[in-house]
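Everything on this sheet refers to the single structure shown next.
The values are calculated or read from the model by the stated rules, or taken from the named source; none is laboratory data. Just so we're clear, the structure is a prediction, and the values are computed from it rather than from any experiment. Counting neighbours? That spans all protein chains shown, and the Cβs are built from the backbone with ideal geometry, glycine included. Ligands, DNA and RNA are stripped out before the accessible areas are found, and what is left, the full protein with its side chains, is counted by its heavy atoms. Shrake-Rupley method; radii C 1.70, N 1.55, O 1.52, S 1.80 Å.
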Amino acid sequence: MTEEGYGEGIPSLSAALNDVQAMERVLQNPTLGGFEQVERLLNPDAISMRKAIHKLFREAAKDDLVLFFFSGHGITNDQDHLYLGTRNTAKDDFEATAVDANFIQGQSNNCYAKRQVLILDACYSGAYAQGWRTKSVGVNIKKQFGSEGRVVLTSSSATQTSFEQEGSTLSLYTQYLVEGIETGAADKDDDGIIHVQELHAYAKAKVQAVKPKMTPDIILDKEGYDILLAYTPKNPETEYRKLVEQYAKRGEIPSLGIKILKKKQEDLGLTNEKAKEIESDVLEPFRRRVANLESYKEEFTKEVERQYPLDQNTYKMLKDYQNVLGLRDEDVASIELEITSVKETEYQRQVRIRKQQKKEEYENNLLRYEQELIKAVQVQYPLDEYVRNGLKNFQQFLKLRDEDIALIEQRVLTPKQAEYDRRQKESEKLRQEQATNSENPLLRDITRGDDLRLDLKIDFREAIFGCEKEIRISHLETCEVCKGSGTKSSHYPLTCTTCEGSGQVKRATRTPFGAFNQVSKCRTCEGTGKVITCEGTGKVIGEKCASCNGEGTYQVTKRLKITIPSGVDNSVRLRISEEGDAGKYGGHPGDLYIYLFVNEDKEFKRDGINILSEIIIDQQQAFSGCRLEVNTIDGPVELIIPSQTQSNRIMRLKNRGVPCVNNPTSRGDHLVTVIVKS
């Protein structure tokens, strides 16, 4: 096809016209092809092309050698049936405007000529084999004219495209067909003639030297038939070229081969320039292949530098480019391995780092959840539904697994449940005692004392590592003299007979408006000095206890040493059992609750179980990396800052953070924010 190109949707081919002219040149040459009649058809439409094909096969006699050569677009339909494109062939109507392979096969089957050669340098030309029907042939004619039969040479298999070679005026397959005839290099047995199979074998080897993935094919009418196609030129260049072909099978000429060729060059009388030209032509396919490999390596390197691992779209583009260059998977495998080996090592290292960071982050989140759970149970236990839902939402926010949460709750809640069960038993015992005492009027009003609260400030490091503190509290204690009864005599207190122990008396008053009941505080025996009135208590205690003045308790200020565990935070509540106020009439004392408040630190901040701090570096340190000493709550530690560090990057010092309250061997991290000074 010429620059006029094809119809819509089909790209033009710059080498097709040159292919036809090159084949015409070698076929008409009387010392090579020696064809008596050669007709060239350039850029035909579908009708002109069919007419020319019909004429070619119809007018051939049985002893003629008929050769049909096509260079252009081959197109297949959904059934992989081949069509040869013409100048008015478009993508949407190629079945109507291209030449059907069945038409050519039909003309070939009806032709009288016993020697037929069809050469198709087109995409998907291997699909021509579909519908191929063996043609009956007669006996051989003279040997010098070759065997009878039909042969089809195709530039690619049925599933391949056939690309033009960049930097060449001919398409790849046609280039080496012409070269094999003009140079005589296709005459492998040195008998002076080139058979079809010899020519195809030469061209195929050359094509695959450049593009190993391309698989030119040969379709024979009958096994063993080989048609004479051209004669070998007899000259020194041909002889020298065959020797170079023999020595350059691996893409280079070994040193011993160079010495042999140098002597052969002198014997044949070839100039250095001519010898180098021949050697260059022979090695050209290998140079092209090396160039293709280098081109693929260059593009693959660019993509790997741009991103790694490569995404699916990039892989597809690289695969397409590999196919354009005609490279096999094994050709590019070593290139890809060479380029990606270092990247893969670094990538796997980063993957391991990310996995470790993700693991550390998950473990930190577990510690955060455990801290929140500990705070929750210190405030109240058992946990109510509202707190439970909040903890569940926090778990989902941190993306923690149920099985890990179960282990944490078992570790935290088991001792809390044991303590709760113990207190429940104590309460039940107290209720039973009160129930028993209720039958005894002397013991009926025994009650538990009130709980007390104390707010305590501690330093930042005391909260981190724990400490012992001495505190002063003022609370009510049971009188040791009267054992809480408030009376001097062991016969008292007695139930007041006036109010019958209720502490209240009712009086009925009649008025013009009716009868009214008045309830007032009982004041039996008031002012006698001998018998102390109940005054609303329902008890008569007789003479007051001199030690407590009849109260049963007295105020005491005392010192206590308490242990603050490591890892506590603001609003953590510590419980000191039975250090609250004493109970009434000798009842159990309440508890003392200490609420902790942590002072801020000038250098460090706290985020759950992690410690936060900052370090300032200059731009040179950020660019080249450095080693610096940073302060932690454990003391100075060396911090390695990598090169190309950006401002606000967070560096992690593992296990330099806050210990867990119930597990001091497990600690958070120290997170250092690097600030790059501009």
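Quick check on region 212-247: of everything there that is modelled with pLDDT of 80 or more and aromatic (Phe, Trp, Tyr), which residue is nearest to the chain's Cα centre (by Cα)?
247
Of all residues in region 288-326, count the ones that are within 24 Å of residue 248 (Cα to Cα), among the charged types (D, E, K, R) and open to solvent by less than 60 Å² (accessible area, probe 1.4 Å).
1
Look through region 562-571, keep the residues that are open to solvent by less than 10 Å² (accessible area, probe 1.4 Å) and part of a loop (DSSP other than H, G, I, E, B), and return whichever of them is farthest from residue 379 (Cα to Cα).
Result: 567.
Please go through region 51-80 and give me each residue that is open to solvent by 40 Å² or more (accessible area, probe 1.4 Å), within 28 Å of residue 172 (Cβ to Cβ) and not hydrophobic (A, V, I, L, M, F, W, C), ordered by number.
78, 79, 80 - these are the residues of region 51-80 that are open to solvent by 40 Å² or more (accessible area, probe 1.4 Å), within 28 Å of residue 172 (Cβ to Cβ) and not hydrophobic (A, V, I, L, M, F, W, C).
Give me the residue from region 449-496 that is of a type in the set (Lys, Arg) and at pLDDT below 90 and, out of that set, farthest from residue 547 (Cα to Cα). Break it down into steps so the answer makes sense when it comes.
Residues of region 449-496 that are of a type in the set (Lys, Arg), as a first pass: 453, 457, 461, 469, 472, 483, 488.
From the residues that got through so far, the ones that are at pLDDT below 90 too are 483, 488.
Values: 483: 11, 488: 9 Å.
Ranking the qualifying residues of region 449-496, first place goes to 483.
Quickly run through region 345-365 and pick out the residues that are surrounded by 14 or more Cβ atoms within 10 Å (Cβ to Cβ) and free of Cβ contacts under 8 Å to residues at least 24 places away in the same chain.
Passing the criteria: 361, 363.
Could you list, in sequence order, the residues of region 455-479 that are farther than 16 Å from residue 564 by Cα, hydrophobic (A, V, I, L, M, F, W, C) and open to solvent by 30 Å² or more (accessible area, probe 1.4 Å)?
Taking region 455-479 first, the residues farther than 16 Å from residue 564 by Cα are 473-479.
Checking which are hydrophobic (A, V, I, L, M, F, W, C) leaves us with 473, 476, 479.
Passing the criteria: only 476.
Within region 654-676, can you find the residues that are touching a helix residue (DSSP H, G or I) at 6+ places or on another chain (Cβ under 9 Å) and either aliphatic (A, V, I, L, M) or open to solvent by less than 30 Å² (accessible area, probe 1.4 Å) (or both)?
Those that are touching a helix residue (DSSP H, G or I) at 6+ places or on another chain (Cβ under 9 Å) and either aliphatic (A, V, I, L, M) or open to solvent by less than 30 Å² (accessible area, probe 1.4 Å) (or both): 657, 658, 659, 660, 661, 668, 669, 674, 676.
Report yes if some residue within region 240-263 is over 30 Å from residue 120 (Cβ atoms) and touching a Gly at 6+ places or on another chain (Cβ under 6 Å); otherwise report no.
Within region 240-263, one or more residues are over 30 Å from residue 120 (Cβ atoms) and touching a Gly at 6+ places or on another chain (Cβ under 6 Å).
Of the conditions (1) touching a Lys or Arg at 6+ places or on another chain (Cβ under 9 Å); (2) open to solvent by less than 30 Å² (accessible area, probe 1.4 Å); (3) not in a loop (DSSP other than H, G, I, E, B), residue 651 satisfies every one except a single condition; which number is it?
Of the numbered conditions (1) touching a Lys or Arg at 6+ places or on another chain (Cβ under 9 Å); (2) open to solvent by less than 30 Å² (accessible area, probe 1.4 Å); (3) not in a loop (DSSP other than H, G, I, E, B), the odd one out for residue 651 is (1).
From the residues in region 372-387 that are open to solvent by 40 Å² or more (accessible area, probe 1.4 Å) and touching a helix residue (DSSP H, G or I) at 6+ places or on another chain (Cβ under 9 Å), which one is farthest from residue 664 (Cα to Cα)?
382
Looking at the structure I just gave you, is residue 603 open to solvent by 10 Å² or more (accessible area, probe 1.4 Å) and in contact (Cβ under 8 Å) with a residue 24 or more places away in the chain?
Numbers: open to solvent by 10 Å² or more (accessible area, probe 1.4 Å): yes; in contact (Cβ under 8 Å) with a residue 24 or more places away in the chain: yes.
Taking the combined requirement at face value, the residue satisfies it.
So is residue 334 among the small types (Gly, Ala, Ser), open to solvent by 60 Å² or more (accessible area, probe 1.4 Å) and modelled with pLDDT of 85 or more or not?
Details: among the small types (Gly, Ala, Ser): yes; open to solvent by 60 Å² or more (accessible area, probe 1.4 Å): yes; modelled with pLDDT of 85 or more: yes.
Judged against the criteria, residue 334 is a match.
So, in region 192-204, of the ones that are among the small types (Gly, Ala, Ser) and out of contact with any helix residue (DSSP H, G or I) (no Cβ under 8 Å at 6 or more places or on another chain), which residue ends up least open to solvent (accessible area, probe 1.4 Å)? If you could, list the steps in order and put the result at the bottom.
Keep residues of region 192-204 that are among the small types (Gly, Ala, Ser), which gives 192, 201, 203.
From what is left, the residues that are out of contact with any helix residue (DSSP H, G or I) (no Cβ under 8 Å at 6 or more places or on another chain) are 192, 201.
Details: 192: 13, 201: 58 Å².
The selected residue is 192.
Tally the residues that are open to solvent by 70 Å² or more (accessible area, probe 1.4 Å) and small (Gly, Ala, Ser), restricting the search to region 224-261.
Count: 1.
Does residue 93 satisfy being at pLDDT below 90 and surrounded by fewer than 21 Cβ atoms within 10 Å (Cβ to Cβ)?
Numbers: at pLDDT below 90: yes; surrounded by fewer than 21 Cβ atoms within 10 Å (Cβ to Cβ): yes.
The answer is yes for residue 93.
I'm checking my understanding of the structure. Among residues of region 262-287 that are touching a Phe, Trp or Tyr at 6+ places or on another chain (Cβ under 7 Å) and assigned to a helix (DSSP H, G or I), which one is most open to solvent (accessible area, probe 1.4 Å)? Give the steps one after another, and end with the answer.
Initial filter on region 262-287 (touching a Phe, Trp or Tyr at 6+ places or on another chain (Cβ under 7 Å)): 264-265, 268, 270, 275, 278.
Then keep just the ones that are assigned to a helix (DSSP H, G or I); that gives 264-265, 268, 275, 278.
Working: 264: 59, 265: 15, 268: 37, 275: 2, 278: 10 Å².
This residue is 264.
Counting only residues that are open to solvent by 30 Å² or more (accessible area, probe 1.4 Å), under 15 Å from residue 677 (Cα atoms) and aliphatic (A, V, I, L, M), how many does region 629-648 have?
Residues flagged as open to solvent by 30 Å² or more (accessible area, probe 1.4 Å), under 15 Å from residue 677 (Cα atoms) and aliphatic (A, V, I, L, M) within region 629-648 amount to 0.
Quick check: is even one residue across region 2-10 free of Cβ contacts under 8 Å to residues at least 24 places away in the same chain, of a type in the set (Ser, Thr, Tyr), out of contact with any His (no Cβ under 6 Å at 6 or more places or on another chain) and over 29 Å from residue 234 (Cα atoms)? Don't jump to the end; show me each part of the working.
Pass one, region 2-10, residues free of Cβ contacts under 8 Å to residues at least 24 places away in the same chain: 3.
Then drop every residue that is not of a type in the set (Ser, Thr, Tyr), which leaves none.
No, that holds for no residue.
Suppose we filter region 606-628 for residues that are open to solvent by 10 Å² or more (accessible area, probe 1.4 Å) and not in a strand (DSSP E or B); how many remain?
Within region 606-628, the subset open to solvent by 10 Å² or more (accessible area, probe 1.4 Å) is 606-608, 610, 612-616, 618-621, 623-628.
Those left that are additionally not in a strand (DSSP E or B): 608, 619-621, 623-625.
Summing the residues that are open to solvent by 10 Å² or more (accessible area, probe 1.4 Å) and not in a strand (DSSP E or B) in region 606-628 gives 7.
Mind checking which residues of region 381-401 are closer than 30 Å to residue 575 by Cα, of a type outside the set (A, V, I, L, M) and part of a helix (DSSP H, G or I)?
Within region 381-401, 385, 386, 388, 389, 390, 392, 393, 394, 395 meet the criteria.
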